[in-house]
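What follows is a short report on a single structure.
The values are calculated or read from the model by the stated rules, or taken from the named source; none is laboratory data. Keep in mind that what you see is a predicted model, and the values were worked out from it rather than measured. When we count neighbours, we look across all protein chains shown, and the Cβ atoms used for this are built from the backbone with ideal geometry, even at glycine. What goes into the accessible areas is simple: the full protein's heavy atoms, side chains included, and nothing from ligands, DNA or RNA. Shrake-Rupley method; radii C 1.70, N 1.55, O 1.52, S 1.80 Å.
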Amino acid sequence: MTELSMSGRAAFIGLDARAMAALKAARPTIDRTLPSSLDTLYQLINQAPEAAGKFEGGDAQTRARTA
């Protein structure tokens, strides 16, 4: 992703330079904890038929996880 598109996306969702700096500082923690957090999320989704039905099999969850 280019810097221009990143700043445009940030502006679209209302993130200013201060918020972007905070996210950048938090990135190591996010990168370290996100995989296990997603595992927990998808375990919960798979236990709820109405939520699990939004994914067409395990491949859809894999694609969503890497989006």
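Among residues of region 44-67 that are within 22 Å of ASP31 (Cα to Cα) and of a type outside the set (Val, Ile, Thr), those with a beta-carbon under 8 Å from a residue that is modelled with pLDDT of 85 or more and surrounded by 10 or more Cβ atoms within 10 Å (Cβ to Cβ) at least six positions away or on a different chain give the pairs LEU44/ALA51; GLN61/TYR42; GLN61/ILE45; ARG65/LEU38; ARG65/TYR42.
Among residues of region 25-38 that are within 20 Å of THR62 (Cβ to Cβ), those with a beta-carbon under 6 Å from a residue that is at pLDDT below 95 at least six positions away or on a different chain give the pairs LEU38/ARG65.
One line per residue, one yes/no per condition, for (1) charged (D, E, K, R); (2) farther than 25 Å from MET6 by Cβ; (3) at pLDDT below 90; (4) open to solvent by less than 70 Å² (accessible area, probe 1.4 Å):
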residue: LEU44; (1), (2), (3), (4): no, yes, no, no
residue: ALA48; (1), (2), (3), (4): no, yes, no, yes
residue: ASP59; (1), (2), (3), (4): yes, yes, yes, no
residue: ALA67; (1), (2), (3), (4): no, no, yes, no
